[in-house]
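What follows is one structure encoded as structure tokens, with my remarks underneath.
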Amino acid sequence: MVSTYGALVFLVGAVAMVVIAAFVSFQSTEPEDPKSVTQKVYRVRSLYFFLLLFVLVLAYGFTLPKAPYFRDSSPDVVVDVVGKMWFWELKPVKGAVLENGDLVLPAGRKVEFRVTSADVNHGFGIYSTDGYILTQTQAMPGYTNHLIYTFKKPGIYRVFCMEFCGIGHHNMFARIVVRKEGE
Ligand code: CUA
């Protein structure tokens, strides 16, 4: 037995199909020459292609030089960073010092961290005083990542390990004290 609901759905569907067919048939005009249609489509397509090309070239031109992969050869401060189970070894190379285990850096200077690991993969992450992540890179054995960062404001920054590296992972932190130059 067909339910009333089913019959209603069928009726509505049938009416909709008739209405759509009628609409399409009234809308249609003389068939267009397929050749001219093809040409029109090709023209629009090549226009879009060049537009896309233009946008991409512009986007790459503006953004690629800002990518962090270009080696900056003129850092004011250089620090070697070695991740070890489970602490950070921070070795000032140029323009920085160690004070009671804290790394002390000048504000407003371009700092290069040369980051590697002595054992497993670690994550070298630098956080602001209020706990926001500022920059990070991976510390990998047998490879050195170059992280460039300029600390604009004096203060106490923190380094945390960002990659689970074993039982002492949570102990891998260090302090970076940034001071106004000359203080
Ligand atoms: Cu080192 Cu987690």
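Assuming a viscosity of 1.002 mPa s and a temperature of 20 °C, what translational diffusion coefficient in µm² per second does Stokes-Einstein assign to the chain, Rh being the Kirkwood radius over Cα pairs?
Values: Rh = 22.0 Å.
Calculated translational D: 97 µm²/s.
List Thr137, Thr4 from most exposed to least, where exposure is judged by having the fewest other Cβ atoms within 10 Å.
Thr4, Thr137
How far, in degrees from 0 to 90, does helix 34-63 lean away from the longest principal axis of the Cα atoms of the chain, to the nearest 10?
Rounded to the nearest ten degrees, it is 10.
In degrees from 0 to 90, rounded to the nearest 10, what is the angle of the helix 4-27 Cα long axis to the longest principal axis of the chain?
With rounding to tens, the tilt is 80 degrees.
Of Lys66/Lys180; Lys66/Lys153; Lys110/Lys153; Lys84/Lys110, which ones are farther than 19 Å apart at the Cα? Walk me through the numbers before you get to the answer.
Numbers: Lys66/Lys180 27 Å; Lys66/Lys153 22 Å; Lys110/Lys153 13 Å; Lys84/Lys110 25 Å.
Where the Cα-Cα span goes over 19 Å, the pairs concerned are Lys66/Lys180; Lys66/Lys153; Lys84/Lys110.
Take Val120 and Gln39, extend 7 Å from each Cα along the Cα→Cβ direction, and tell me the distance between the two endpoints in nm.
6.9 nm
When the Debye formula is applied to the Cα atoms of the range 77-179, each taken as the same point scatterer, what base-10 log of I(q)/I(0) results at q = 0.11, 0.13, 0.15, 0.24 Å⁻¹?
-0.28, -0.39, -0.52, -1.39
Ser3 to Thr129: extension gain in nm, 0.36 nm per residue of separation minus the Cα-Cα distance?
Numbers: separation 126, 0.36 × 126 = 45.36 nm, distance 6.97 nm.
The Ser3-Thr129 span can extend by a further 38.4 nm.
Find how much the distance from Val97 to Leu47 grows on full extension, using 0.36 nm per residue of separation minus their present alpha carbon separation; answer in nm with one decimal. Before the final figure, lay out each step's value.
Working: separation 50, 0.36 × 50 = 18.00 nm, distance 5.89 nm.
Full extension from Val97 to Leu47 adds 12.1 nm.
Calculate the radius of gyration of the Cα atoms of the range 1-49 to one decimal place, then report Dmax, the largest Cα-Cα distance, as a whole number, both in Å.
My reading of the Cα-based Rg and Dmax gives 20.0, 59 Å.
Roughly what % of DSSP beta bridges within the chain run antiparallel, to the nearest 5? Let's see the in-between values first.
Numbers: 32 of 44 bridges.
Looking only at bridges with both residues in the chain, the antiparallel portion is about 75 percent.
Could you list Tyr149, Tyr132 in order of exposure, starting from the residue whose Cβ has the fewest other Cβ atoms within 10 Å?
Least crowded to most crowded, the residues run Tyr132, Tyr149.
Nearest 5 percent is fine: what portion of the DSSP beta bridges confined to the range 77-179 is antiparallel? Don't skip to the end; give the middle numbers.
Values: 32 of 44 bridges.
About 75 percent, rounded to the nearest 5.
No lab work stands behind these numbers, since they all come straight from the coordinates. Everything quoted here is computed from the prediction, not taken from an experiment. Don't worry about glycine lacking a Cβ; one is built from the backbone with ideal geometry, like all the others, and counts go over all protein chains shown.
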